[in-house]
Amino acid sequence: MTRIWNDPADFADEMTDGFAAANGRHVQRVTGGVVRATESPRGQVAVVVGGGSGHYPAFGGLVGQGLAHGAAMGNLFASPSAQQIQAVAKAADNGGGVLFAYGNYAGDVLNFDAAQEHLRAEGVPCATVAVTDDVSSAALEERHKRRGIAGDLAVFRIAAAAAEAGHDLDGVERLARLANERTRSFGVAFSGCTLPGADEPLFSVPEGRMAIGLGIHGEPGIGETDVPTADGLAELLVAKLLEEVPDGTAAAGARVVPILNGLGSLKYEELFVVYRRVAQLLEAAGIVIVDPHVGEYCTSFDMAGTSLTLFWLDQELEALWETPVDAPAYRRGSVNPAQLKAAKGNAAADADAVPEADEASREAAGVVRAALGVIAATIDANVDELGRIDAVAGDGDHGIGMQRGAKAALTAGTAVDAGAGTTLARAAAAWADKAGGTSGALWGVILSSVANRLGDNGKPTLADLTAGVADGAKGVMDYGKAEVGDKTLVDALVPFAEALQRNADAGADLPTAWKAAAEDAARAAKATADLLPRMGRARPHAEKSLGTPDPGAHSLALIATAIGELLEGRNDHA
Ligand SMILES: Nc1ncnc2c1ncn2[C@@H]1O[C@H](COP(=O)(O)OP(=O)(O)O)[C@@H](O)[C@H]1O
Ligand SMILES: O=C(COP(=O)(O)O)[C@@H](O)CO
């Protein structure tokens, strides 16, 4: 288990600070993560990788000459926010555009896409390749839904080598996509991982048993079997991957990079024993092994597990693979050392000026702040329960993610002296930035939609709130693409928005309309227990989640209920 930390909420930031301090020759700390400490040629495409923390050396350890130009580093097991990604991309940009590469997780997709849109609007050309190497996370016909695990390394390396070779953004994207098409991984685990501050691992495997088809967040596997011998494990991994040789490739005669990845606490010695048999099996299949990798490339804290990746080379990919790399946690060959950049970082932008607001709106800002206080207190009181239900089929971080977001929103809302709209807009931006992950991005959308309707003039009306919540529901669905019935927070948000509208139309006052809508949201959230998840982290473990409500729907209902109590004058959290 993880034993050393200060405040668990600060773990990822403090880890990033320490990592940068220890690797000043390779990386420079910037807002949102790290970038190369060395100069890159003007016009070179910048490869920006990223994801949640807890996977070292992914992602910061893979920044350096020959590999990524920058890494956006989110909280533990939670995607970096769009703000973090934008900040890192701007610091990494060499004027040749930005290629984003990351594992295909819901939160990452939402946040990287949002960052990409903003950057494009600012005139920075961007492209994205989401890595989908894990064969256990979706069927071949749905490859685009698979998640990225240790195969990240193959895609990141090819993208970076293509950038270093002078390819333009289209060329780098094409090659990164090709590398992804030709990379497959499969993993197993013997025990789960424990997040800093947590009492228990995210999942456990009974003594003598092994979970099959693991991700990199301690998500439950897709099956379980008795722990095999090292040779038996090698046979399982190789057999699974040889079932899916990429199109147009015959196993016999193919040139392949095998990556046997340790997930955190499997010993190198154990990995070597397994690799001995992996190599025999690949050779027996007629495969030519090129540059085998055995070690830790993408971990999951202290999870005792391993994955095997096969990267099926072609001539073009092999030439790129052979180029040198010098990153903190990954070195191949010898690079020509580039000049160190002047240490400049990317200081946070000055806060925007606060727009004018009239007295009525300033007074309403007091209610907004009280609501933010109630939200933070409600999440604090339920943080463990939210984590517990998220761990049933997800990664167990919903409580801590919501807690980070709610706390940051309260701090930002309290720090600004403004009208109701600006107060809530600042809180929304802080929530999305500090929480990261899927729910952070979506709560940023909900709160900023309401903020837009509140404005900074006049006392907000029930009609403003109703319209804001409806905009929020539409925004979440446009952004996250989930619909009612997919077992997400949309299942509570849409009934809530509809009921609020209905109650307002029927002439109810705000506290009455809100309270009744919150009751509908709570019923709808509870009913998600009967649904199978079709979006997000829980999707590959759909059956496991039956009987447990969706964590995002549950937290939304808790918040709606608590605000209802505040509006009725019954909630003293504020
Ligand atoms: N595409 C989506 N649209 C709306 N809500 C989603 C979507 N994907 C996931 N969610 C919600 O996000 C919740 C998980 O939030 P969070 O813990 O932040 O996720 P993660 O750790 O996967 O980033 C889920 O319970 C679900 O309600
Ligand atoms: O941990 C990760 C974030 O995934 P979410 O979708 O936010 O849960 C991912 O970046 C892999 O690191």
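Applying both filters, DSSP loop and at most 13 other Cβ atoms within 10 Å, to the GluC sites (Glu not before Pro) of the stretch 457-558 gives GLU483. Kirkwood radius and radius of gyration were both taken over the C-alpha atoms of the stretch 379-427, and their ratio Rg/Rh is 1.17. Annotation for the stretch 334-425: trypsin sites (Lys or Arg not before Pro) lying in DSSP loop with at most 15 further Cβ atoms inside 10 Å of their Cβ are LYS341, LYS344.
Under 8 Å for C-alpha pairs, at least 6 residues apart: give me the relative contact order for the chain, rounded to a whole percent.
Value for the chain: 13 percent.
For the chain, a crude dipole built from +1 on the beta carbon of Lys and Arg and -1 on the beta carbon of Asp and Glu, taken about the Cα centre, is about 740 debye to the nearest 20. Using R0 = 30 Å, the C-beta based FRET efficiency linking LYS341 and TYR479 works out to 0.30. With Cα atoms as the point set, the chain shows a radius of gyration and Dmax of 24.1, 79 Å. Relative contact order of the stretch 1-181, taken over Cα pairs closer than 8 Å and 6 or more residues apart, is 20 percent. In a reduced charge model with +1 at each Lys and Arg Cβ and -1 at each Asp and Glu Cβ, the stretch 359-573 shows a dipole moment near 320 debye about its Cα centre. For the chain, the mean residue ellipticity at 222 nm estimated from helices alone is -15000 deg cm²/dmol, where every DSSP H run of n ≥ 4 contributes -39500 (n - 2.57) and the total is divided by all residues, rounded to the nearest 500. The calculated FRET efficiency for the pair ASP247 and ASP291, based on their C-beta separation and a Förster distance of 25 Å, comes to about 0.60. The packing ranking of peptides 526-534, 414-422, highest mean first, is 414-422, 526-534, where packing means the average number of other beta carbon atoms within 10 angstrom of each residue. Straight-line cross-link partners of LYS487 among the lysines, defined as a Cα under 25 Å from its Cα and at least 8 positions apart when in the same chain: LYS145, LYS434, LYS474, LYS515, LYS526, LYS544. With respect to the chain, whose longest principal axis is taken over its alpha-carbon atoms, helix 490-505 is tilted by about 20°. A convex hull fitted around the alpha carbon atoms of the stretch 1-181 yields 105 Å³ per residue. Please report, as a whole percent, how much of the solvent-accessible surface of the chain comes from carbon and sulfur atoms (probe radius 1.4 Å). Of all accessible area on the chain, carbon and sulfur atoms account for 52 percent.
Subtracting the Cα-Cα distance of ALA319 and VAL354 from 0.36 nm times their residue separation leaves 7.2 nm of extension gain.
If you roll a 1.4 Å probe over the heavy atoms of the protein chains, what accessible area per residue do you get for the chain, in Å²?
Numbers: 22220 Å² over 574 residues.
So the chain comes to 39 Å² accessible per residue, rounded to a whole number.
When the alpha carbon gyration tensor of the stretch 359-573 is reduced to an equivalent ellipsoid, its three semi-axes come out at 27, 19, 15 angstrom, largest first.
The values are calculated or read from the model by the stated rules, or taken from the named source; none is laboratory data. What you see is a predicted model; the values in this text were computed from it and never measured. Backbone-built Cβ (ideal geometry, glycine too); neighbour counts: all protein chains shown. Note: areas computed on protein heavy atoms with side chains; ligands, DNA, RNA excluded. Shrake-Rupley method; radii C 1.70, N 1.55, O 1.52, S 1.80 Å.
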